[in-house]
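S.K.: Here's a structure for you.
The values are calculated or read from the model by the stated rules, or taken from the named source; none is laboratory data. Computed from a predicted model, the values in this text were never measured in an experiment. Glycine also receives a Cβ, built like all others from the backbone with ideal geometry; neighbour counts cover every protein chain displayed. Heads up: the accessible areas ignore ligands, DNA and RNA and are worked out on the full protein's heavy atoms, side chains in. Shrake-Rupley method; radii C 1.70, N 1.55, O 1.52, S 1.80 Å.
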Amino acid sequence: MAKKGNRVQVILECTEHKATGKPGTSRYITTKNKKNTPDRLEIKKFNPILKKMTVHKEIK
């Protein structure tokens, strides 16, 4: 049986990685409550390719 509610899965992608020109991407999958946060998420997460904390934004 499926879960009920406003919680949806979202994908977070690094914003700084594209500018560096290095291959690969840093993406994380998480969930958010659409009722409490209708706008797009923006969280600082660790980017293993750049080896530092960077801002990750929600895509789609």
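S.K.: Quick check: is even one residue across segment 31-40 in contact with a Phe, Trp or Tyr (Cβ under 7 Å, 6 or more places away or on another chain), on the phi < 0 side of the Ramachandran plot, open to solvent by 50 Å² or more (accessible area, probe 1.4 Å) and of a type outside the set (D, E, K, R)?
M.R.: Quick first cut of segment 31-40, residues in contact with a Phe, Trp or Tyr (Cβ under 7 Å, 6 or more places away or on another chain) only: none.
No, every residue in segment 31-40 fails to be in contact with a Phe, Trp or Tyr (Cβ under 7 Å, 6 or more places away or on another chain), on the phi < 0 side of the Ramachandran plot, open to solvent by 50 Å² or more (accessible area, probe 1.4 Å) and of a type outside the set (D, E, K, R).
S.K.: So, one more: Please specify each residue of segment 1-15 satisfying the condition of being outside any strand (DSSP E or B) and open to solvent by 100 Å² or more (accessible area, probe 1.4 Å). So that I can check it myself, show each step before the final result.
M.R.: Step one: list which residues in segment 1-15 are outside any strand (DSSP E or B), which gives 1-6, 15.
The answer is Met1, Lys3, Lys4.
S.K.: Look through Thr15, Thr25 and report the one residue that is touching an Asp or Glu at 6+ places or on another chain (Cβ under 8 Å) and β-branched (Val, Ile, Thr).
M.R.: Within the list Thr15, Thr25, the selection yields Thr25.
S.K.: For Glu58, which of the numbered conditions (1) open to solvent by 50 Å² or more (accessible area, probe 1.4 Å); (2) in a strand (DSSP E or B) fails to hold?
M.R.: Exception for Glu58: condition (1).
S.K.: I'd like the full set of residues that are open to solvent by less than 90 Å² (accessible area, probe 1.4 Å) and either closer than 19 Å to Val8 by Cα or in a loop (DSSP other than H, G, I, E, B) (or both), limited to segment 41-55.
M.R.: The initial filter retains those residues of segment 41-55 that are open to solvent by less than 90 Å² (accessible area, probe 1.4 Å), namely 41, 43, 45, 47-50, 54-55.
Passing the criteria: Leu41, Ile43, Pro48, Ile49, Leu50.
S.K.: Something else about it: With respect to Lys18, determine if the residue is part of a loop (DSSP other than H, G, I, E, B), modelled with pLDDT under 90 and surrounded by fewer than 12 Cβ atoms within 10 Å (Cβ to Cβ).
M.R.: Working: part of a loop (DSSP other than H, G, I, E, B): no; modelled with pLDDT under 90: yes; surrounded by fewer than 12 Cβ atoms within 10 Å (Cβ to Cβ): yes.
When the stated conditions are applied, Lys18 does not pass them.
S.K.: Which of (1) out of contact with any strand residue (DSSP E or B) (no Cβ under 7 Å at 6 or more places or on another chain); (2) in contact (Cβ under 8 Å) with a residue 40 or more places away in the chain does Gly24 not meet, given it meets every other one?
M.R.: Result: Gly24 fails condition (2) only.
S.K.: Here's something else I'd like to know. Pairs under 7 Å by beta carbon, first residue more than 11 Å from His17 (Cβ to Cβ) in segment 33-60, partner exposed (fewer than 12 other Cβ atoms within 10 Å of the Cβ) and acidic (Asp, Glu), six or more apart or different chains?
M.R.: Lys57/Glu42
S.K.: Quick check: is even one residue across segment 22-29 open to solvent by less than 70 Å² (accessible area, probe 1.4 Å) and aliphatic (A, V, I, L, M)?
M.R.: No; the residues of segment 22-29 include none that is open to solvent by less than 70 Å² (accessible area, probe 1.4 Å) and aliphatic (A, V, I, L, M).
S.K.: Applying the selection to segment 8-20, what residues are over 15 Å from the mean Cα position of the chain (by Cα) and either closer than 17 Å to Lys32 by Cα or in contact (Cβ under 8 Å) with a residue 12 or more places away in the chain (or both)? Full working, then the answer.
M.R.: Applying the first criterion (over 15 Å from the mean Cα position of the chain (by Cα)) to segment 8-20 yields 19-20.
Of everything in segment 8-20, just one residue is over 15 Å from the mean Cα position of the chain (by Cα) and either closer than 17 Å to Lys32 by Cα or in contact (Cβ under 8 Å) with a residue 12 or more places away in the chain (or both), namely Thr20.
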